[in-house]
Amino acid sequence: TERGLPPGLINRLPIDAGDLNALATLAPGVIGIAGTDSTPAAFSVGGQPMNQNSITLDGLSFGSGSVPAEAVRNTRVITSTYDVARGQFTGGQVASTTRGGTNVFQGAMSYALRDPSLEFVDNGDNAFSQKYTQNQVNLGFGGPIIKNKLFTFGALTLTKRTDPLQDLLAADPLALERLGTNSDSVARFISQLKQFGLQPTSALIPDQRLNDNASALVRMDYNLGETHSLMLRGDWRGSIQDASRISALSVPHSGGDANSAGGGGMVTLTSHLGNFINEMRTYTSVNHQSTDPYVHVPSGRVIVASNLPDGSLGVSTLVFGVNPSLPQQSRTQLNEFSDEVSHVSSNGAHRFKLGTLLDEDESENGTFPNQLGTFTFNSLSDFENGLPASFTRTLSSHERNARSLNSALYLGDAWRQSAKLQMTYGVRLEHASYLDAPAFNPAVDSLFGMRTDVFPTETHISPRVGFT
């Protein structure tokens, strides 16, 4: 039901220790989902979608799937929820902890290179072979500020990745055939674009997809006497991606540049009071994402029928103009609090725990899809003659805001019956709701019998038991 991934194991594998999604695929039954230029990498457990997973760092939710590699102390991949302390996922959970400073000054630095000349691909000269170049630098350093009292540790990861741009200009005849078109149709399409004054690319658009990522983490640990210890943690991440949102059947000017940045802060107070241990945690984080298009002209779709070399007829849709999903602006914020008190019996056979969790998620999406409109042409001839079959356009759009509140209360026990048998059992109560419902609309209520001012909520209790 879970697998531990200590640093000693990870360092011997050709995998990024800070990529938590990639680490999840090392557990049985976990399938990796490759990222694209517009979606992050993820994983699936039991065929479930990626939004059913949970990623935690030092015991609380972590919105990003990557941390500095040198900051990771240990990682566990969990695919079962029999422990009452685990929740907010039905797929899998990646639970990582960060490294803290000690009385000894220590540091580490590593460099990793992925180069196309070291990769085994069928056709290395083809831009659609998914080869790429990546340079990564990892740094980590920590030590005492006040010996035996105050410690610090910081880590930084810098990654620069270059992918071939997979678009109509880069596709060779074999790739075009697999896409359902041929070189003659594409050449005719490109020529007509230029006649209309729409250059497929420009000096501002790179001929490769460039992706620069950086993540940093700083942690401080303070011993407040014999019974209390305080941990403060700050994290930051950012990325810059050029030539985003460009598809294999589109010209380069249809894409744009994407930027994202975010960070958060965490406070943990651990108290030892006799046989009782109390752990209180709180974390808040904010993330911003934006994508700006290269051109501000309407989108275009041209349906092309082509005779393929094997004698069959291929039908494809060639794309020009701005991507309808651009520009994009989004912001997400996470606030989470948890507190758990546990008690170890005098003989060490039982560890009872009582805990609570409160989680608030907030998002703002400023996307204005298809604001310049989209022309659709049924053939290259119609495109040349300026005869679109249809034109669609979104005339107005509203910023979408959403807030959700999740809470949980659990009581459980870990019973070590003998050296060969351990039981984990308890009960968990959970509640989920959406906030900021709109005003009551009597017209919708009278026509459809639905109230717009009430969002659905969920409350349920689940008994759980597991054994080792």
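The values are calculated or read from the model by the stated rules, or taken from the named source; none is laboratory data. Bear in mind the structure is a predicted one, so any value in this text is a computation, not a measurement. Using ideal geometry, Cβ is built from the backbone for each residue, glycine included, and neighbour counts are taken over all protein chains shown. Ligands, DNA and RNA are excluded from the accessible area calculation, which covers all protein heavy atoms including side chains. Shrake-Rupley method; radii C 1.70, N 1.55, O 1.52, S 1.80 Å.
Could you pull out the residue among F89, F62 that is under 18 Å from the mean Cα position of the chain (by Cα), aromatic (F, W, Y) and within 29 Å of D292 (Cα to Cα)? Write out each step before concluding.
Details: F89 fails: within 29 Å of D292 (Cα to Cα).
The conditions single out F62.
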Subject >> Lone unmet requirement of (1) surrounded by 15 or more Cβ atoms within 10 Å (Cβ to Cβ); (2) of a type in the set (A, V, I, L, M); (3) part of a strand (DSSP E or B) for L372 >> reply: (3)
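Can you name every residue in segment 310-366 that is hydroxyl-bearing (S, T, Y), in a strand (DSSP E or B) and over 20 Å from S404 (Cα atoms)? Spell out how you get there, then give the answer.
Applying the first criterion (hydroxyl-bearing (S, T, Y)) to segment 310-366 yields 312, 316-317, 325, 330, 332, 338, 342, 345-346, 356, 363.
From what's left, in a strand (DSSP E or B): 316-317, 330, 332, 338, 342, 356, 363.
Across segment 310-366, the qualifying residues are S316, T317, S342.
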**OP:** Considering only segment 147-178, state which residues are touching a residue at least 12 places away in the same chain (Cβ under 8 Å) and closer than 14 Å to V251 by Cβ.
**Re:** L165, Q166, D167, L168, L169, A170, A171
Original post:
Given the structure, is V286 at pLDDT below 95, assigned to a strand (DSSP E or B) and in contact with a strand residue (DSSP E or B) (Cβ under 9 Å, 6 or more places away or on another chain)?
Top reply: no
Original post:
Considering segment 31-57 alone, what residues qualify as being hydroxyl-bearing (S, T, Y) and not in a loop (DSSP other than H, G, I, E, B)?
Top reply: S44, S54, T56
Original post:
Checking G311 against (1) within 26 Å of D257 (Cα to Cα); (2) open to solvent by 20 Å² or more (accessible area, probe 1.4 Å); (3) among the small types (G, A, S), which single condition isn't satisfied?
Top reply: (1)
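Restrict the check to segment 352-370 and report whether at least one residue is under 30 Å from N275 (Cα atoms), modelled with pLDDT of 90 or more and over 33 Å from the mean Cα position of the chain (by Cα).
Pass one, segment 352-370, residues under 30 Å from N275 (Cα atoms): 352-359.
This time we only want the ones that are modelled with pLDDT of 90 or more, so: 352-359.
Within this subset, residues satisfying the condition of being over 33 Å from the mean Cα position of the chain (by Cα) are 352.
Checked against the condition, which is being under 30 Å from N275 (Cα atoms), modelled with pLDDT of 90 or more and over 33 Å from the mean Cα position of the chain (by Cα), segment 352-370 yields at least one hit.
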**OP:** Mind counting the residues in segment 341-369 that are touching a Ser or Thr at 6+ places or on another chain (Cβ under 6 Å), closer than 18 Å to S254 by Cβ and surrounded by 14 or more Cβ atoms within 10 Å (Cβ to Cβ)?
**Re:** 1
**OP:** Quickly run through segment 289-308 and pick out the residues that are open to solvent by 60 Å² or more (accessible area, probe 1.4 Å) and not in a strand (DSSP E or B).
**Re:** H296
**OP:** Just name the residue that is most open to solvent (accessible area, probe 1.4 Å) out of those in segment 179-208 that are in contact (Cβ under 8 Å) with a residue 40 or more places away in the chain and farther than 22 Å from S306 by Cβ.
**Re:** L204
**OP:** Quick one: M266 ticks every box in (1) closer than 30 Å to E177 by Cα; (2) surrounded by 18 or more Cβ atoms within 10 Å (Cβ to Cβ) except a single one, so which number is it?
**Re:** (1)
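Okay, residues lined up against (1) open to solvent by 60 Å² or more (accessible area, probe 1.4 Å); (2) more than 35 Å from the chain's Cα centre (by Cα); (3) over 23 Å from S342 (Cβ atoms):
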{"position": "W415", "(1), (2), (3)": "yes, yes, no"}
{"position": "S418", "(1), (2), (3)": "no, yes, no"}
{"position": "T424", "(1), (2), (3)": "no, no, no"}
{"position": "M450", "(1), (2), (3)": "yes, no, yes"}
**OP:** Look at segment 265-276 and say how many of its residues are touching a strand residue (DSSP E or B) at 6+ places or on another chain (Cβ under 6 Å) and modelled with pLDDT under 95.
**Re:** 2
**OP:** Please name all residue pairs, on different chains or six or more residues apart, with Cβ atoms under 9 Å, provided the first residue is in segment 296-316 and is in contact (Cβ under 8 Å) with a residue 12 or more places away in the chain and farther than 20 Å from Q192 by Cα and the second residue is among the hydroxyl-bearing types (S, T, Y) and surrounded by fewer than 16 Cβ atoms within 10 Å (Cβ to Cβ).
**Re:** none
Original post:
Given the conditions (1) within 20 Å of V137 (Cα to Cα); (2) exposed (fewer than 15 other Cβ atoms within 10 Å of the Cβ), which single one is not true for E226?
Top reply: (1)
**OP:** Would you confirm whether any residue within segment 232-243 is closer than 19 Å to P144 by Cα and surrounded by fewer than 18 Cβ atoms within 10 Å (Cβ to Cβ)?
**Re:** yes
Original post:
Taking segment 375-426 only, how many residues are under 20 Å from V304 (Cα atoms) and assigned to a loop (DSSP other than H, G, I, E, B)?
Top reply: 7
Original post:
Out of curiosity, is S61 within 29 Å of S407 (Cα to Cα) and either out of contact with any helix residue (DSSP H, G or I) (no Cβ under 9 Å at 6 or more places or on another chain) or open to solvent by less than 20 Å² (accessible area, probe 1.4 Å) (or both)?
Top reply: yes
